[in-house]
Amino acid sequence: MKIIEFLEEGAVVCDLTSDTKEGVIRELVQSLVNTNAIKEKEVPKLVQILLDREALGSTGIGQSVAIPHGKADCVTRVVGAVGISRTGLSFDSLDGEPVHIFFLLVAPEDSAGPHLKALARISRLLKEKHFRDSLRNAKDQKTLFKIIRDEDQHRA
């Protein structure tokens, strides 16, 4: 599964403003509303689903990356958003370091396969330091999306 299959082009936030876990999750969920991937009325429920998942264990996987994710009945396919925090923030990451790169995933409640494939794809691409650095240095949303699209197409 390619990232471009689930990343909403308009759900790319180059300068996240929040400095808390909940705030970043809200910003990314709102970006999905802005692309019509989810409805505004679903925001509180979806944010809670994602926070409940975080309570089980942080999705901060280390190396400045977090992949908050969850399953919800408000989507019919896997949808995603990406955000960059210029300053970084505490996300209870496995390595204890601040997180700068956030990939948010929401999958339908009955889609274990696609959900896991999407998580695996993101994790695989984000292992590359050059890719992570490129994401962090993107000047705007268009550039950030292009970097992701190009890397996604380039790597099998």
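Structure data summary
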| item | result |
| --- | --- |
| Residues of segment 26-64 classified as surrounded by 14 or more Cβ atoms within 10 Å (Cβ to Cβ) and under 18 Å from His115 (Cα atoms), total | 16 |
| Boolean, Gly96 is in a loop (DSSP other than H, G, I, E, B) and surrounded by fewer than 20 Cβ atoms within 10 Å (Cβ to Cβ) | yes |
| Residue selected from segment 7-19 under the condition surrounded by fewer than 17 Cβ atoms within 10 Å (Cβ to Cβ) and in contact with a strand residue (DSSP E or B) (Cβ under 7 Å, 6 or more places away or on another chain), by the criterion nearest to Thr143 (Cα to Cα) | Asp15 |
| Residue check for Lys2: farther than 23 Å from Leu116 by Cα and of a type in the set (Lys, Arg) | no |
| Subset of segment 98-122 [of a type in the set (Gly, Ala, Ser) and more than 11 Å from the chain's Cα centre (by Cα)] | Ala107, Ser111, Ala112, Gly113, Ala120 |
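The numbers here are math on the coordinates, done by the rules we state, and not lab data. The structure displayed is predicted, hence computed values, not measured ones. Reconstructed Cβ throughout: ideal geometry from the backbone, glycine too, with neighbour counts over all protein chains shown.
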